[in-house]
1. How far, in nm, would the chain grow between A358 and K203 when pulled straight, counting 0.36 nm per residue and subtracting the alpha carbon separation?
2. Starting from the Cα gyration tensor of the chain, take the square roots of the eigenvalues, sort them a ≥ b ≥ c, and report rounded, prolate or oblate (rounded when a/c is under 1.5, otherwise prolate if a/b is larger than b/c, else oblate).
3. On full extension of the chain, what length is gained from K341 through H219, given 0.36 nm per residue of separation minus the C-alpha to C-alpha distance?
4. Under a plain spin-label model, where a point goes 7 Å from the Cα along Cα-to-Cβ, how far apart in nm are R180 and Q85?
5. Through the Karplus equation 6.51 cos²θ - 1.76 cosθ + 1.60, θ set to phi - 60°, convert the phi angles of the range 45-62 into ³J(HN,Hα) values in whole Hz; use x for Gly and Pro.
6. Once both labels are modelled 7 Å past Cα along the beta-carbon direction, what's the T35-K272 spacing in nm?
7. Note the full-extension length gain between A325 and A154 as 0.36 nm times their separation in residues minus their Cα-Cα distance, in nm to one decimal.
8. Lysine pairs, Cα distance under 25 Å, 8 or more residues apart or cross-chain: how many in the chain?
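Just so it is clear, none of the values below were taken in a lab; they were calculated from the coordinates. Note that this is a predicted model, so its numbers are computed, not measured. Every residue, glycine as well, gets a Cβ built from its backbone with ideal geometry; the counts of neighbours run over all protein chains shown.
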Amino acid sequence: MQLNILVLPGDGIGPEVTAQAVRVLEQVARKWNHTVNLKEGLLGGVAIHRRGVPMPPETEALAHECDATLLGAVGLPEFDHVAPQRRPERGLLGIRKTLGVYANLRPVRSYQALLDSSPLKNHLVDGADLIIVRELNGGIYYGTPRGIEGAGPAERGFNTMVYTRAEIQRVLRMAFNLARNRRKKLTSVDKSNVLETSQLWRKVAGEVAAEYPDVELEHLLVDNCAMQLILRPKQFDVVVMENMFGDILSDEGAVIAGSIGMLPSASLGDRKPSGAYVGLYEPVHGSAPDIAGQGKANPLGAIGSVAAMLEYSFGLLEEARAVYAAIEAVLNSGRVTADLKPAGPPATTAEVGAAVCAAI
Ligand code: NAD
């Protein structure tokens, strides 16, 4: 198979973890006789430095040309105080929007070898296996009007949270389809006791549920969900929510998995005629400027994102399973990066990448 992939290394630890993810992809290609055609593009702070904007037009064009996009992370401290539209993170919103990826899947599972890396008690996390589905293309991050206006005590900042029925339906269907192929339980998260967008969300979720009689649907308020994810993570199978709730709650997955560096993500849009999803794959973590350039970054979230790419964009299930198994083998070997608190000296980013390749 020809795998035409755009790589956007981005900022901070992004280039370090994507280098290892690409290495794993090339190992898979060698073993199963696929051809990887890589293109590299600019996104984020590095794009602002070289091209003056967080998402240059050529990056957008490449993303549409390729079958799938692998992203590292964006964000640099030097841009912390500039206006949102000139920040590296705007590139992230731009690439998600241009690809039309509206469902962000964040699988969270506890690995035996990492039970002690979680601050939660072992019996709470042992066996946890859930997918958080975050709506990615709408809600308050994109809604207008938005801005800061006026002056003095009346100066005000405002954003708009807005969802259409169609936007809610398509992400709910994605979540129901995932649940149908897993343990058949879907939790829909909202704030319907306060927000009109959530009232519509809950109503539409109930309607879509009629198409999936084999899947159990439950509704949970977002504040309660924040607590339940920590108290009893094993009760969840697939959990779906709007954009900002998902952004916030999915970081709790790091507490369950043991480190944010472990978490992969897949952002999916509609299916192509081939049946494969349009996909953008990236680790959940940010650019981690505090450890950038030191070989300390855990590449397993980025490598897991490659596994998700093989599964969703290329339908290569055997290859994807081999990557997941290799990740588990490396965790069991104990040669892991410092964030996973190994018993011995921590492995470097590149050593972990090499170990995953060897296990494949
Ligand atoms: P972060 O995820 O970059 O880092 C949070 C903490 O986790 C840090 O202590 C970091 O060292 C650690 N960490 C993160 N990834 C790790 C890995 N792979 N291995 C080991 N440790 C890891 O979040 P932050 O510090 O809030 O944000 C830093 C920058 O990243 C900001 O500019 C932010 O806007 C940006 N950001 C980007 C994305 C993205 O590109 N998708 C996501 C979140 C934050």
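1. Details: separation 155, 0.36 × 155 = 55.80 nm, distance 4.93 nm.
Gain in length upon complete extension: 50.9 nm.
2. Values: a/c = 1.37, a/b = 1.15, b/c = 1.19.
Verdict is rounded for the chain.
3. The span from K341 to H219 would gain 40.3 nm if fully extended.
4. 4.2 nm
5. x, 4, 6, 5, 4, 8, 10, x, 9, x, 9, x, x, 5, 5, 4, 4, 4
6. Going from the T35 label point to the K272 one covers 1.5 nm.
7. On the way: separation 171, 0.36 × 171 = 61.56 nm, distance 5.68 nm.
Result: 55.9 nm gained on full extension.
8. 16
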